[in-house]
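Submitted below is the structure of interest, expressed as structure tokens.
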Amino acid sequence: MSTAITTTRPVDRTESHAASFATRWLQPSVAVITAHGELDASNSQEFVDYALRHTEHTERLALDLTGIDFFGTAGFSALHTLNVRCAGAGVEWVMVPSTAVSRLLRICDPDSTLPIAATMPAALCSLRAEQRRLLQLVSEPSQGFRE
């Protein structure tokens with residue numbers, strides 16, 4: 001099943017020797033980054049830099065890694081760095097892994113601490129759900145509270 005994803009800005013693309021990265025903006029603060037090829041020690045830092053270069057304008061980020069054919073341990077380190085830096089910047093994120101990414105995550109992240117979704121529509125739904133949950137953190141004042 002295919003889901004159409006429309007953008008509000010032009011697609012931004014970057015090519016490295018082993019991978020390509022592209023960003024689509026679904027809303028002014030929601031980005032989908034797609035990666036194809038290989039993520040390893042030769043380009044993992046380039047991937048992190050690419051994914052984080054617009055964090056000052058991004059509230060929610062979805063990574064489509066379904067096009068990754070090879071995913072080395074440096075790729076896992078890149079995802080960990082991305083997780084820490086997104087948390088520091090207040091950016092909610094989720095990834096849709098390929099088979100190669102999932103294989104390494106089963107070894108390096110057995111407790112599933114990194115945010116994962118099975119499909120891009122599910123990833124985008126989880127980001128919307130996370131936004132609603134964050135908005136509900138402030139409760140109404142209790143009736144019995146007096147100043």
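Taking the Cα centre of the stretch 12-132 as origin and charging only Cβ (+1 Lys, Arg; -1 Asp, Glu), how large is the dipole, in debye to the nearest 20?
Value, rounded to 20: 300 debye.
Okay, moving on. Per-residue counts of other Cβ atoms within 10 Å, averaged by peptide: what ranking do you get for 36-45, 102-111, 119-128, 80-89, highest first? Don't jump to the answer; show the numbers that get you there.
On the way: 36-45: 18.4, 102-111: 12.8, 119-128: 16.8, 80-89: 14.8.
Per-residue Cβ counts within 10 Å, averaged per peptide and sorted highest first, yield 36-45, 119-128, 80-89, 102-111.
From the phi of every residue in the stretch 22-29, what ³J(HN,Hα) in whole Hz does the Karplus formula 6.51 cos²θ - 1.76 cosθ + 1.60 yield, where θ is phi - 60° and glycine or proline is x?
So the Karplus estimates, Gly and Pro as x, are 9, 10, 10, 9, 7, 9, x, 10 Hz.
Another question, if that's okay. Kindly identify the stretch 68-132 as rounded, prolate or oblate by the Cα gyration tensor criterion: order the square roots of the eigenvalues as a ≥ b ≥ c, call it rounded if a/c is under 1.5, otherwise compare a/b with b/c, prolate if a/b is larger, else oblate.
Values: a/c = 2.13, a/b = 1.35, b/c = 1.58.
It is oblate, given that a/c is not under 1.5 and a/b is not larger than b/c.
Every number here is computed from the coordinates shown, using simple stated rules; none is lab data. For clarity, every value in this text was computed on a predicted model and none was experimentally measured. A quick note on method: Cβ atoms are made from the backbone with ideal geometry, for glycine too, and the neighbour counts reach across all protein chains shown.
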